[in-house]
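Heads up: the structure comes next, in structure tokens.
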Amino acid sequence: VGPATLAFMALVAWWNAGGVPVALLSLVLIVRAAFGLPYFSYDKAAPDGWVQFCYKVRDATPRDAVFLTPPYLAGFQLVAQRAEVVNWKCMPMVEQEQIEWKHRLDDLAGAQDLRCSGWPWCASALAGGYGKLGEADFLRLARKYGAQYVVTAKEDQHLHEFPEVLRLYDFVLYRIPQ
């Protein structure tokens, strides 16, 4: 179907139905066709370090493994296809589940009652708290939530007693000792 045909169809639709929306939609289609633009497009950004790390985790761990991950980083469940204890963006919709979600955020932020307003402040509080957790904290959390792995995202957050499974950029995956 050429641009002239589409233009004629748009004119007929507009004339018969008094349909300005139909005419405008047809005009958009004509312009896209005339300039060779695709009808639908999705410009996928190149994966960043976190996404690349998640792909590697997916390849290096069992499907049923549970992870303690930095709660301010999103996409682990989607990309790694693995369970994580809690994530800031994966807030449940049911009230009782929201309470559990909040308790888990508190635990991974090393806080009794994390209170913040807005993403920049909450991300900072979550990152700061998670970055201060040590081996004893991660062991306690792993027992509490049944996790087998922990991910760190800070260069200086070393877990010397935990076996290192994977390192990519600033991200390190550790196996939680039994």
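Data overview
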| read-out | value |
| --- | --- |
| Members of region 130-164 that are under 12 Å from Y72 (Cα atoms), assigned to a helix (DSSP H, G or I) and open to solvent by 10 Å² or more (accessible area, probe 1.4 Å) | G131 |
| Entirely in region 1-116, the helices (runs of 4 or more DSSP H) that have 3 or more residues that are under 27 Å from G131 (Cβ atoms) and modelled with pLDDT of 70 or more | 49-60, 76-80, 95-108 |
| Any pair with Cβ under 8 angstrom, 6 or more apart, that starts in region 128-157 at a residue that is over 16 Å from D106 (Cβ atoms) and in contact (Cβ under 8 Å) with a residue 60 or more places away in the chain and ends at one that is of a type in the set (K, R) and not in a loop (DSSP other than H, G, I, E, B) | Q148/R175; Y149/R175 |
| Complete set of residues in region 76-100 that are surrounded by 15 or more Cβ atoms within 10 Å (Cβ to Cβ) and in contact with a helix residue (DSSP H, G or I) (Cβ under 8 Å, 6 or more places away or on another chain) | F76, V79, A80, R82, A83, E84, V85, V86, N87, W88 |
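Conditions (1) farther than 14 Å from F67 by Cα; (2) acidic (D, E), marked per residue:
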| site | (1), (2) |
| --- | --- |
| D106 | yes, yes |
| G110 | yes, no |
| G118 | yes, no |
| L139 | no, no |
| Y145 | no, no |
| Y149 | no, no |
| Q157 | yes, no |
| E161 | yes, yes |
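The values are calculated or read from the model by the stated rules, or taken from the named source; none is laboratory data. Please read all numbers here as calculations on a predicted model, not as lab measurements. All Cβ positions, glycine included, derive from the backbone under ideal geometry; neighbour counts span all protein chains shown. Just so you know, the surface numbers come from the protein's heavy atoms only, side chains and all, with ligands and any DNA or RNA stripped out. Shrake-Rupley method; radii C 1.70, N 1.55, O 1.52, S 1.80 Å.
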